[in-house]
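Each remark here refers to the structure printed beneath this line.
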Amino acid sequence: MADVADADGSQPVRVLIVDDDALVRAGLGMILSAAPDIIVVGEAADGAEVPGAVSRHEPDVVLMDIRMPRVDGLAATQSLRARPGAPEVIVLTTFDADEFVLGALRAGASGFLLKDTPPAEILRAVRRVSAGEAMLSPTITRQLIAHVAAPAPPSRTRATARLDQLSERERDVALALAQGRSNAEIAGDLHMSVATVKAHVSRLLIKLELNNRVQVAILVHDAGLV
């Protein structure tokens with residue numbers, strides 16, 4: 001059955017919830033279903049169920065538990081983000097310095113949420129990610145890298161070499177992404193249109209062979225530039 005469009009003609013954000021705890025799935029489902037612009041299209045209890053659930057329900061965003069008994073959220077995210085037209089992924093965790101979270105972000109997740117995140121923040125994260133924006137703050141990125149996987153000198157050299165491929169303007173945009181800036185904020189800071197910012201983001205993703213803004217932010221952090 002087709003989704004009912006919102007009053008402004010837009011379609012609701014379709015969300016798949018993946019968590020091995022039925023109570024967590026139920027709680028998230030209640031929070032998300034209360035929003036008029038979000039619809040929960042399905043649930044899964046393990047990462048092994050994700051490919052089939054995504055094929056059946058065609059979500060825009062997947063809320064992915066990071067620690068599950070058979071296939072964890074890291075492996076499920078890596079597999080999912082390798083698919084053409086993959087939905088965005090927000091990983092869920094109990095710990096704010098979880099090594100699996102950083103792995104999932106490197107694999108293409110658009111951000112992460114702690115399971116005790118207030119409902120309004122969960123809704124905001126889903127909306128922002130579905131609109132193509134990252135929802136990972138630069139402070140959180142720094143904490144993750146510092147506590148879990150601070151880059152060794154060879155990694156920093158590789159990251160710097162990759163960023164050297166960029167034009168000066170693309171590099172400015174990459175640094176702004178690493179600072180958690182939105183397209184509108186980057187446009188204001190760099191005196192360009194939002195459309196031009198989007199074009200620069202698209203080009204630098206192609207050059208760096210990355211698939212979202214969070215991966216750009218991590219690369220800039222790996223290079224030691226923020």
Once both axes come from the Cα atoms, what is the angle between helix 138-147 and the longest principal axis of the chain, in degrees from 0 to 90, rounded to 10? 90
Over the chain, what is the mean sequence separation of C-alpha contacts under 8 Å (at least six apart), divided by residue count, expressed as relative contact order in percent? 16
Measure off 7 Å from each Cα along the Cα-to-Cβ vector at Ala195 and Glu58, then give the distance between these two points in nanometres to one decimal. 2.9
Sequence-distant or interchain residues sharing an amide H contact under 5 Å with Glu58, placed H: which? none
Run the quick spin-label model on Asp172 and Val24: label points 7 Å from Cα toward the beta carbon, then report their separation in nm to one decimal. 4.2
Taking the dipole about the Cα centre of the chain, with the C-beta of Lys and Arg at +1 and of Asp and Glu at -1, give me whichever of Gly108, Ala176, Ser155 is farthest to the positive side. Ser155
Tilt relative to the chain, helix 22-33 - C-alpha long axis, 0 to 90 degrees, to 10: 80
If the viscosity is 0.692 mPa s and the temperature 37 °C, what translational diffusion coefficient in µm²/s does Stokes-Einstein give for the chain when Rh comes from Kirkwood over Cα pairs? 182
Using 0.36 nm per residue of separation minus the Cα-Cα distance, give me the extension gain between Ser202 and Thr157 in nm, one decimal. 13.8 nm
With Cα atoms, 0 to 90° folded angle of helix 194-208 axis to the chain main axis: 80
Could you check which residue among Arg106, Arg169, Arg25 shows the biggest mean-square fluctuation in a GNM of the chain with a 10 Å Cα cutoff? Arg169
First check a/c for segment 40-135, with a ≥ b ≥ c the square roots of the eigenvalues of its C-alpha gyration tensor; if it is under 1.5, answer rounded, and if not, answer prolate when a/b is larger than b/c or oblate otherwise. rounded
Taking amide H positions as placed 1.01 Å from N in the peptide plane, with prolines and chain starts having none, which residues 5 or more places from Ile38, or on another chain, fall under 5 Å of its amide H? Val13
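Read-outs: derived from the displayed coordinates by stated rules, not from any lab. Owing to the predicted nature of the structure, the values given are computational and were not obtained by experimental measurement. Using ideal geometry, Cβ is built from the backbone for each residue, glycine included, and neighbour counts are taken over all protein chains shown.
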